[in-house]
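Trainee: Could you have a look at this structure, given as structure tokens, before my questions?
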Amino acid sequence: MVATAAAETKGVQDPHARGSSPSGANGQPIDTVEPRVESAGRSVGILRPEDAGLRPARHPLPPLEDCLRLYEKMVLIRRFEERAGEMYARARIGGFLHLCIGEEATVVGTCDAMRDSDYLLSTYREHGQALARGTSPRSVMAELFGKEAGCSKGRGGSMHLYDAARRFLGGYGIVGANLPIGAGVALACELSGSDDAVVTMFGDGATNQGTFGETMNLAALWRLPVVFVVVNNQFGMGTRIDRHSAVLDLSRKAEGFGVPGRRCDGMDVLDVRHHIREALRLAREERRPQLVEAVTYRFRGHSVADPEVYRTPEEVAEWKRRDPLETFPKRLVEEGGVAQATLEAIDQRAREVVEDAVAFAEQTPFPPLESLYDHVYVYSGDVPGWWTVDERSPDVYPGERAREAGALARRLAEQGAQHEETGPRVGRTRRDLPDELAPGPPNLAPPASADTGDASAGGSDGH
């Protein structure tokens, strides 16, 4: 991290503490990561925490109640993510699944620094953010299962959690897509005259997107109350940071646009909370948008399906030495006098909560088929027309009127919802489909050449 314990002890002004200069004495960069890439673009050696600029932060422990609350949130996220991975392996969860195991301190420290009235936007790796903001584990797990009781009513799945009541405005599947949206929410806060602020979290790879520079420029130009948090877990999917970013100290990437930055130890929940609090104060009170880089590491792959061929087990082991669920409870025992039995009881309660969430997600129903087109558009009588079109049956009808569809459309929808893999066939087929509606065998023959005169080479209408 930027501010070393020695500097704080001697009363030296931290150049990042007010979001000002990125340099130390004599203009030398502070804790910059040295490039470790050959000319051919191959990464050299393993990336250790020290290589990423992490320095031990020794913030004094807060009151015991705070410590246990922070630990309880981190444990809940870890146990939830572990169980979600198991459920994905059992095909209870579809689509993609991105786990934040290893990043719990960054998530909890950020959310704990926020007010309840502040807004949070995240990436597709956002289960932890939803839980840290207070969304029910039942609601989050049900959403992963695609169930109606999920926080996005089964429509979002793992990558698109949403909880407006807790001002968690969702995960986003497109890298960098939440950046301009976060600026827009901050602009709304500014125009409404509220005291609310916005936190937008994104990965290190998003700093290379065009939306990053565009958003930083407007946030600084309009003096928006927003804090941008770079969750630097060292990889943009499977590409290590020293292969995808020319500037390795990501806290400096927005300074040219007028947004000052700072770094924090993303494996230390207290350090994250300290820096996010100060950044929020500057953004809220002085209308100076801030960028905070949380240097962290994910212990699992980019997604559950990631074979992780781009890093070694030795590298992961190096970072696990700084596992926040090992280092923080150790401090609580050694410095805070917390009994090991207390920590074990917290862990056991977290496991029980997660098991309850899984049981709930298993038994709650899927969304009804007639609700397929619900929550797609905000309908208005001002613009007549068909907003969506359902073509699953010969009786084509407006999707927003699915509940008024005829019997044939309903029967086909029910049958279409039941499908199975079919041996060597490519794609899927319908289960129990009537003979007159069943698809024929695939045509695997090569198309006839134009000079054979074969009529099957093209239809009579030329399509």
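Trainee: Skipping prolines and chain starts, which residues have an amide H placed within reach, meaning under 5 Å, of the one on VAL226, given they are 5 or more residues away or on another chain?
Mentor: Those qualifying (amide H under 5 Å, at least 5 residues apart or on another chain) are VAL198, GLN290.
Trainee: So which lysines pass the test for LYS253, namely a Cα distance under 30 Å, with those fewer than 8 places away in the same chain ruled out?
Mentor: Partners found: LYS10, LYS320.
Trainee: Could you list which residues have their amide H under 5 Å from that of GLY170, counting only those 5 or more apart in sequence or on another chain, with H placed in the peptide plane?
Mentor: Here the answer is SER122, ASP163, since their amide H atoms fall under 5 Å of that of GLY170.
Trainee: Most exposed first by the Cβ proxy, i.e. fewest other Cβ within 10 Å, how do GLU293, GLU362, GLU278, GLU314 rank?
Mentor: Values: GLU293 27, GLU362 13, GLU278 20, GLU314 10.
Listing GLU293, GLU362, GLU278, GLU314 from fewest to most nearby Cβ atoms yields GLU314, GLU362, GLU278, GLU293.
Trainee: Here's another thing I want to ask about it. Using θ = phi - 60° and the Karplus relation 6.51 cos²θ - 1.76 cosθ + 1.60, list the HN-Hα couplings for segment 363-373 in order, rounded to whole Hz, with x at every Gly or Pro.
Mentor: 8, 6, x, 6, x, x, 4, 5, 9, 3, 9
Trainee: How do PHE328, PHE228 line up, fewest other C-beta atoms within 10 Å first? Kindly include the intermediate steps, with their values, before the conclusion.
Mentor: Working: PHE328 23, PHE228 29.
Fewest to most other Cβ atoms nearby, the residues stand as PHE328, PHE228.
Trainee: Rounded, prolate or oblate: which fits segment 232-301 when a ≥ b ≥ c are the square roots of the eigenvalues of the alpha-carbon gyration tensor, with rounded for a/c under 1.5 and prolate only if a/b beats b/c?
Mentor: On the way: a/c = 3.15, a/b = 1.44, b/c = 2.19.
Since a/c reaches 1.5 but b/c is at least a/b, the shape of segment 232-301 is classed as oblate.
Trainee: Another question, if that's okay. What is the antiparallel percent of DSSP beta bridges lying wholly in segment 39-363, to the nearest 5? Write out the running numbers ahead of the final one.
Mentor: Numbers: 3 of 24 bridges.
Once the DSSP bridges in segment 39-363 are tallied, antiparallel ones form about 10 percent.
Trainee: Still on this structure, please answer the following. Determine ³J(HN,Hα), in whole Hz, for all residues of segment 262-278 in sequence, where each value follows from phi through the Karplus function 6.51 cos²θ - 1.76 cosθ + 1.60 and θ = phi - 60°; x replaces Gly and Pro.
Mentor: Along segment 262-278, the couplings run 8, 10, 9, 7, x, 9, 10, 4, 6, 5, 4, 4, 4, 6, 5, 4, 5 Hz.
Trainee: Between ALA177 and LEU369, 0.36 nm times their residue separation minus their Cα-Cα distance comes to what?
Mentor: Working: separation 192, 0.36 × 192 = 69.12 nm, distance 2.97 nm.
Additional length available on full extension: 66.2 nm.
Trainee: Taking square-rooted eigenvalues a ≥ b ≥ c of the alpha carbon gyration tensor, is segment 39-363 rounded, prolate or oblate, where a/c under 1.5 means rounded and, failing that, a/b exceeding b/c means prolate?
Mentor: Numbers: a/c = 1.24, a/b = 1.15, b/c = 1.07.
Rounded shape, in that the Cα axes give a/c under 1.5.
Trainee: A further question on this structure: Tabulate in residue order the Karplus-calculated ³J(HN,Hα) for segment 311-318, using 6.51 cos²θ - 1.76 cosθ + 1.60 with θ = phi - 60°, rounded to whole Hz; enter x for Gly and Pro.
Mentor: 8, 9, x, 5, 5, 4, 5, 4
Trainee: As an exercise, identify the trypsin sites (Lys or Arg not before Pro) in segment 83-118 lying in DSSP coil whose Cβ has no more than 10 other Cβ atoms within 10 Å. It would help to have the intermediate numbers written out before the result.
Mentor: On the way: sites: ARG83, ARG90, ARG92, ARG115; in loops: ARG90, ARG92, ARG115.
The qualifying sites are ARG90.
Trainee: Can you give me the relative contact order of segment 184-258 as a percent, contacts being Cα pairs under 8 Å and 6 or more apart?
Mentor: Values: 84 pairs, mean separation 27.9, N = 75.
Result for segment 184-258 is 37 percent.
Trainee: Okay, next question. Just rank VAL358, VAL353, fewest to most, by other beta-carbon atoms within 10 angstrom. If you can, show how the numbers build up before the last one.
Mentor: Values: VAL358 21, VAL353 18.
Final ranking by Cβ density, sparse to dense: VAL353, VAL358.
Trainee: So how strong a dipole does segment 39-363 carry about its Cα centre when Lys and Arg Cβ are +1 and Asp and Glu Cβ are -1, to the nearest 20 debye? Write down the numbers at each step before the final one.
Mentor: Numbers: 43 positive and 47 negative charges, 95 e Å.
Here the size comes out at about 460 debye.
Trainee: Report the one residue of GLY337, VAL140, LEU291 whose Cα lies farthest in the direction of the positive end of the charge dipole of segment 39-363 (charges on C-beta: Lys and Arg +1, Asp and Glu -1; origin at the Cα centre).
Mentor: Sorting the options by dipole projection puts first LEU291.
Bear in mind these aren't lab numbers, they're just calculated from the coordinates by the rules spelled out. These numbers come from a predicted model, not from an experiment. With ideal geometry, Cβ positions are generated from the backbone for all residues, glycine too; neighbour counts draw on all protein chains shown.
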